[in-house]
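Okay, structure first, notes after.
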Amino acid sequence: MVIYPMREHEYDLVGDVNGQKIKSIFENLKGGTAAGVDGIPINLFMNFLSILMPITVLLCNKVLTSGQWPSTWKTSLFIPLFKRGNRKAHENYRLIALVPAL
């Protein structure tokens, strides 16, 4: 078993989430990736962040203060992605997880 150290994040989720925190997070995301399990491509948020910002801030603060996460945020779809070689050999695949965009 391989144990990886936790990565440090520059995002401080203590206290209220504000527009600057949301903007910082989305600016550091890699666009052009697959849509999340919810079908929403991350580029949608990146392109319309100024419009989606108020509701995103409100939603994040509501989740953090209530401690209740939407059930759809707890859903992932694991997909085996072929790397190379023999398609019948399981070691030639890696799993990717599609998670909700928000």
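Details
- Any chance residue 80 is free of Cβ contacts under 8 Å to residues at least 40 places away in the same chain, in contact with a Lys or Arg (Cβ under 9 Å, 6 or more places away or on another chain) and of a type outside the set (Val, Ile, Thr): yes
- Looking across region 43-102 at every residue that is among the aromatic types (Phe, Trp, Tyr) and under 13 Å from the mean Cα position of the chain (by Cα), the one that is nearest to residue 32 (Cα to Cα) is identified as 45.
- Checking residue 80 against (1) over 22 Å from residue 16 (Cα atoms); (2) surrounded by 14 or more Cβ atoms within 10 Å (Cβ to Cβ), the condition it does not meet: (2)
- Residue pairs whose Cβ atoms lie under 8 Å apart, sitting 6 or more positions apart in sequence or on different chains, and linking a residue in region 10-30 that is closer than 13 Å to residue 50 by Cβ to a partner that is of a type in the set (S, T, N, Q) and modelled with pLDDT of 80 or more, are 22/56.
- Selection count, region 79-101, where residues are in a strand (DSSP E or B) and under 26 Å from residue 56 (Cβ atoms): 3
The values are calculated or read from the model by the stated rules, or taken from the named source; none is laboratory data. Only a predicted model underlies this, so the values are computations on that prediction, with no experimental measurement involved. Cβ coordinates were reconstructed from backbone atoms using ideal geometry, including for glycine residues, and neighbour counts include every protein chain displayed.
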